[in-house]
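Everything on this sheet refers to the single structure shown next.
Every number here is computed from the coordinates shown, using simple stated rules; none is lab data. What you see is a predicted model; the values in this text were computed from it and never measured. Backbone-built Cβ (ideal geometry, glycine too); neighbour counts: all protein chains shown.
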Amino acid sequence: MLYSKLFPKTIKETPKDASLTSHKLLYRGGFIRESAAGRYYLLPLGIRVHQKIQKIIKEEMDKTGAQEMVTPVLHPKELWKETNRTSSVGFELMSIKDRNEMEFVLGGTAEEMLVDLVRKFKLSYRDLPFNLYQFSTKFRDELRARGGLLRLREFMMKDAYSFDATEGDFKTEYEKMSKTYTEIFNRMGLKTIIVESDNGYIGGEYCHEFVVESEVGESRFLMTEDGSYAAHEDVAKFSLERKNVSEKEKPLEEVEAVRGTTMEDGVKLHNLPLWQQIKDVLFVDEKGRFILSIIRGDYDVNETKLLHLIKSYQLRHATEEEIREKIHSEPGFISPVGIKDIIEKDVELIIVADDSLRTVKNAYGGANKKHRDLLNMNIDRDYKADIEGDIALAREGDLAADGGGKLIAKKGIEVGNIFQLGFHYSSKMKGANYIDKDGKEKPYYMGCYGIGLARTLATVVEVYNDEKGIVWPESVAPYQVHLVGLDLSDKAVLEKAEQVYKILTSHGIEVLFDDRIEPSAGEKFADADLIGIPYRVVISKKTGAEIEVKKRSQKETEFKKLEDLVKSIKE
RNA sequence: CGGGGUGUAGUUCAUCGGCAGAACGCUUGGUUUGGGACCAUGAUGUAGGAGGUUCAAUUCCUCUCACCCCGACCA
């Protein structure tokens, strides 16, 4: 490719709307340009990198025996209604109608489509297992697009869907995908951490994110120093510190408590430790049920864990009016003790207690009345929970549940993830069955696996850059060689540069040839550094019979024979 | 959706009631040529949009739209 003809050229200025390194460099280098928020043009340089990423993913997926295909972009809305996802999806579904008033959604993920495809065939256990994948543009009407390519409303995703007969077979596939993903990202120069995470609207019982550690990432997770355990903040487990469990239960006592409504106010007034206080947080779920979550005072409620326990998908905090009028309690003085006896008749209240309440005795907290507190509350004796479980938010410094030591909080970019779906879709969608050995119909055991290509591209730039520009790993670079011709007004030099361009190209090496005559050497070098192609080859009056080679990742330049360069690139 | 911010030339920004400006980029001509060089030259605007106040609005007010950042979501 001749640089003089490349659309577009680099720019010097940093766009004011770009705050992330990857966004700035990709913009300045001429890889991307924005259309609307979260929707980008991939320009000629950008699409080349994108395609390299795609190729790596395809090669690794094919190796596993997965088969590539493609679904329509418009998904019949009926399918999404079948699994009830029209109401549960976290991203806003984009909808559209055709001339016959048929409703479609613009695909944001394709579980229903694949299940619908597979159920069109009556398959036998002999046909299993299989894994189908595609590259296609996904549409997600994100609440907020962000950070250039880091979070888009429209992006190409590789999504794969596996169909197995048994959980055991599935686990083999899941493990295979996990290894494949690690390899895919490795080939792009990305070190990924496999993080247990929440499945959100996708459904299923467990899943893992592939995260590249980065300050600009949105994924918050906790991991042990030795890496034995890594989990997203939403799901991270830790071992509870036991407090005064051996203390004798004292009689329950109601006292006057003229205080503010914060936890600290309680600590000050009673002069007791924070951990001995009960924290009560009242939520309302999407069905209108009130959820009273209670937890030891020194912990916080993890809403994701809570959602799973109560099998809902949305929570909001109850308002002060609701606390007074529906629950007949008082903000800042809520208590599980006797609360079910005072609530409005038509109110459904579920009490969810965190396991931490079993690690403390004689706790204190509100009495459901303004300026009244209870002392010496004990679970079982004074109050009971409808559900008990882990609803605590893990924090840095907590001890990992696996005994791997203290948890460290980290941030990263989620470039891919793998989900166990189990029967989540195949049981909801009629006819998603295969015929087993015994002649009976059984639902498919499923999994799905996604990688966002543009985000991966941006992540590579976040990791590989310096003050001058991008430093592409060879595997995803738009070109392998950036040929810089200097002194091109000299005919002999120009001819030699063209000769070098031809020879490299004839060896199948991808070359971007800066054939411009006008710009100064400094300008051309600055462009080469910004674009970040791995090998910079200079031809000038100085280079004589040899060529000058510099790796983008290194400072030293060396003179060598063209054949030697070809050899080292081909290796 | 809540909070904060920005909209003026292709880009980055000035002007902050009184003729629309600079730098970079672009055109043309020339001098240069190993780290964004220089001289000259020319072109480029519905000041996001609508309404209002005013003798006069890019500037003040109202509304609206777009975009960016933080938060609730995710590849």
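A few notes on this one:
The rows are residues; the columns are (1) surrounded by fewer than 19 Cβ atoms within 10 Å (Cβ to Cβ); (2) free of Cβ contacts under 8 Å to residues at least 12 places away in the same chain; (3) closer than 17 Å to A:ARG455 by Cα.
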residue	(1), (2), (3)
A:TYR41	yes, yes, yes
A:GLY46	no, no, yes
A:ILE57	no, no, yes
A:MET61	no, no, no
A:TRP80	no, no, no
A:GLU92	yes, no, no
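- Scanning the range A:424-436 for residues that are under 14 Å from A:ASP127 (Cβ atoms), surrounded by fewer than 20 Cβ atoms within 10 Å (Cβ to Cβ) and touching a helix residue (DSSP H, G or I) at 6+ places or on another chain (Cβ under 6 Å) yields one hit, A:ASP436.
- Matching helices (runs of 4 or more DSSP H) fully within the range A:470-571 where at least 2 residues are of a type in the set (Ser, Thr, Tyr), within 15 Å of RNA strand B (Cβ to nearest atom) and surrounded by 18 or more Cβ atoms within 10 Å (Cβ to Cβ): none
Matching residues to (1) without any contact (Cβ under 8 Å) to a residue 12 or more places away in the chain; (2) in a loop (DSSP other than H, G, I, E, B); (3) hydroxyl-bearing (Ser, Thr, Tyr); (4) within 16 Å of RNA strand B (Cβ to nearest atom):
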position	(1), (2), (3), (4)
A:THR182	no, no, yes, yes
A:VAL211	no, no, no, yes
A:LEU222	no, no, no, yes
A:ASP226	no, yes, no, no
A:ASP234	no, yes, no, yes
A:VAL245	no, yes, no, no
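- Filtered by the rule that a residue be away from RNA strand B (no atom under 11 Å from the Cβ) and assigned to a helix (DSSP H, G or I), the range A:184-203 gives A:ILE184, A:ASN186, A:ARG187.
- Applying the criterion of at least 1 residues that are among the basic types (Lys, Arg) to the strands (runs of 3 or more DSSP E) found wholly in the range A:322-424 leaves A:372-377, A:407-422.
- Just one of the listed residues (A:GLU303, A:GLU344, A:GLU330) is surrounded by 13 or more Cβ atoms within 10 Å (Cβ to Cβ), of a type in the set (Asp, Glu) and touching a His at 6+ places or on another chain (Cβ under 9 Å), namely A:GLU330.
- Single condition A:TYR364 does not satisfy, out of (1) touching a His at 6+ places or on another chain (Cβ under 6 Å); (2) within 16 Å of RNA strand B (Cβ to nearest atom); (3) not polar (S, T, N, Q): (2)
- Tally, over the range A:411-467, of residues that are without any contact (Cβ under 8 Å) to a residue 60 or more places away in the chain and near RNA strand B (Cβ under 9 Å from one of its atoms): 0
- Close pairs from the range A:511-529: first farther than 19 Å from A:LYS491 by Cβ, partner surrounded by fewer than 19 Cβ atoms within 10 Å (Cβ to Cβ) and among the polar types (S, T, N, Q), Cβ under 6 Å, at least 6 apart: A:VAL511/A:THR505
- Qualifying residues in the range A:13-40 (those that are among the charged types (D, E, K, R) and within 10 Å of RNA strand B (Cβ to nearest atom)) - the one farthest from the chain's Cα centre (by Cα): A:GLU13
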